[in-house]
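Notes follow once the structure below has been shown.
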Protein chains: 2
Amino acid sequence: MKISILGTGMVGQVIAEKMMQLGHVTFMGTRNAAETIARQEPNRMTGISFADWHASHTDVQLVNFEDLPTDTDIWINASSGQASLEVLKKVTEKKLSKGVLLDLANPLNFSNGMPPSLAVCNTDSLAETIQRAFPSVKVVKSLNTMNCTIMMDPSLVPGDHQVFVCGDHDGAKRVVVDLLREVGWIEGNILDLGGLVAARGTEMMLPVWLQIYGKLGTGNFNFNVVRG
Amino acid sequence: MKISILGTGMVGQVIAEKMMQLGHVTFMGTRNAAETIARQEPNRMTGISFADWHASHTDVQLVNFEDLPTDTDIWINASSGQASLEVLKKVTEKKLSKGVLLDLANPLNFSNGMPPSLAVCNTDSLAETIQRAFPSVKVVKSLNTMNCTIMMDPSLVPGDHQVFVCGDHDGAKRVVVDLLREVGWIEGNILDLGGLVAARGTEMMLPVWLQIYGKLGTGNFNFNVVRG
């Protein structure tokens, strides 16, 4: 498949690497590819500069958002939640609507310090905001409730733990679920919560996720829904 | 200990029964005790009327909010989130501040239909609202992320799964943690998330809790934070 990842941060990098390993033709979109590829400052999370990361991942094709391929099968929104609408606009609704949009961003707002609040929540969500802004795009929300290494390798956490999926387009959800399986999520741990309205709930898990992260001192955990 | 439960719904009933079993002197507060005790209509959740429930739990002392004992050790707010401030006002800050207030309510707002939204969230929480309204009260938030049968009997869910605790008063948190232990929560599954600000995160778990409830068709589950 052809995968276009929006965003070049740690999340985008981890996803790109996995997509390449799985044999997908993988693109990464950024505002200014020449500038991004020249970036020497270490990534705050990984400690590695984008230039160095890309030097060891030359098969990942870095282009400007506007130049991402029209025949992309899955668009993956790995941009920061606050930037997502602007980034998606650069890609254009026309292009996005030909594939499936997997939105894994969270609308975290750090502008008032810690803990971050959500820029949108409760009676709305980032995923629904995107769906309203681009009505012809098939938006699927998933993978936003764990850190990116676990997203792409659920075996990092032992035993059962879940990934949530929601969206208003069943066919698009199936495409995303297939990708989740390919990445290593087992059938019973992929929880389809229904329509995109459920993204309110999964995005609202971020505050407690961040608190648990603070408590444990690591983001290397996930939630297991244990039934009685 | 002397326990005063605010609220006579299913949550209050399950807690009262457990507190009695543990040998605590247990009071239940309501607006109008005579009216509540005469209630013949079946509870929407349990199918049992309050009159019938109380007939088999006569040791639980039902009184008006205003008549709850001044020497209560733990006040348990099991009223609906929307009514909590008004209920607590009836008890009075003076009385509440002599013990510890365990707040397990959620600010669910069903007035716009399903799914319910939260009346307060994101940059505030019900627990913080209560703390601001009654500054001298030692508010501890806990037990609001699971159904009431699991609250009072965590063994209903197999293996590890957690209860969160937060609050600005360490001594009060210790009192609540002791009660949690007494109820059956093991030490390693009681997660202290710090100050009361963390209640934002735990109250914001409610939307996803409700979605999972809808998906599984049962509220008989809890979250286990699995570490990698």
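Can you give me the number of residues within the range B:173-195 that are within 12 Å of another protein chain (Cβ to nearest Cβ) and surrounded by fewer than 21 Cβ atoms within 10 Å (Cβ to Cβ)?
6
From the list B:VAL11, B:VAL25, which one is open to solvent by 40 Å² or more (accessible area, probe 1.4 Å), touching a Lys or Arg at 6+ places or on another chain (Cβ under 6 Å) and either modelled with pLDDT of 95 or more or not basic (Lys, Arg) (or both)?
B:VAL25
Among the residues of the range B:137-159, count how many are closer than 15 Å to B:ASP103 by Cβ and over 11 Å from the mean Cα position of the chain (by Cα).
3
Within the range B:137-147, can one find any residue that is free of Cβ contacts under 8 Å to residues at least 12 places away in the same chain and either more than 18 Å from B:GLY81 (Cβ to Cβ) or more than 12 Å from chain A (Cβ to nearest Cβ) (or both)?
So far as the range B:137-147 goes, no, none of its residues is free of Cβ contacts under 8 Å to residues at least 12 places away in the same chain and either more than 18 Å from B:GLY81 (Cβ to Cβ) or more than 12 Å from chain A (Cβ to nearest Cβ) (or both).
Quick check on my filter: what residues within the range A:211-224 are facing chain B (nearest Cβ under 7 Å) and open to solvent by 20 Å² or more (accessible area, probe 1.4 Å)?
Within the range A:211-224, A:GLN211, A:LYS215, A:LEU216, A:ASN220, A:ASN224 qualify.
I'm told A:PRO158 meets every condition in (1) surrounded by fewer than 22 Cβ atoms within 10 Å (Cβ to Cβ); (2) in contact (Cβ under 8 Å) with a residue 60 or more places away in the chain except one. Can you identify the failing condition by its number?
Checking A:PRO158 against (1) surrounded by fewer than 22 Cβ atoms within 10 Å (Cβ to Cβ); (2) in contact (Cβ under 8 Å) with a residue 60 or more places away in the chain, the one that fails is (2).
Yes or no: A:PRO115 open to solvent by 10 Å² or more (accessible area, probe 1.4 Å) and at pLDDT below 95?
Spelling it out, A:PRO115 is indeed open to solvent by 10 Å² or more (accessible area, probe 1.4 Å) and at pLDDT below 95.
When the range B:4-18 is examined, which residues are found to be farther than 19 Å from B:ARG31 by Cβ and not charged (D, E, K, R)?
B:VAL14
Would the range B:136-146 turn up any residue that is farther than 25 Å from A:LEU118 by Cβ and open to solvent by 10 Å² or more (accessible area, probe 1.4 Å)?
Among the residues of the range B:136-146, at least one is farther than 25 Å from A:LEU118 by Cβ and open to solvent by 10 Å² or more (accessible area, probe 1.4 Å), which makes the answer yes.
Here are some residues: A:PHE164, A:PHE110. Which one is crowded, with 24+ Cβ neighbours inside 10 Å, within 14 Å of another protein chain (Cβ to nearest Cβ) and aromatic (Phe, Trp, Tyr)?
A:PHE164
Condition check: assigned to a loop (DSSP other than H, G, I, E, B) and buried (at least 16 other Cβ atoms within 10 Å of the Cβ). Does B:THR129 satisfy that?
It is false that B:THR129 is assigned to a loop (DSSP other than H, G, I, E, B) and buried (at least 16 other Cβ atoms within 10 Å of the Cβ).
Could you give every pair whose Cβ atoms fall below 8 Å, whose first residue belongs to the range B:203-228 and is basic (Lys, Arg) and modelled with pLDDT of 95 or more, and whose second residue is surrounded by fewer than 23 Cβ atoms within 10 Å (Cβ to Cβ) and part of a helix (DSSP H, G or I), counting only separations of at least 6 or pairs across chains?
B:ARG227/A:LEU216
With the checklist (1) of a type outside the set (Asp, Glu); (2) assigned to a helix (DSSP H, G or I); (3) free of Cβ contacts under 8 Å to residues at least 40 places away in the same chain in hand, flag the one item B:SER111 doesn't pass.
(2)
The values are calculated or read from the model by the stated rules, or taken from the named source; none is laboratory data. Since we're looking at a predicted model, the values are computed, not measured. Positions of Cβ are generated from backbone atoms using ideal geometry, with glycine treated the same way; all protein chains shown enter the neighbour counts. With ligands, DNA and RNA removed, areas are computed over all heavy atoms of the protein, side chains included. Shrake-Rupley method; radii C 1.70, N 1.55, O 1.52, S 1.80 Å.
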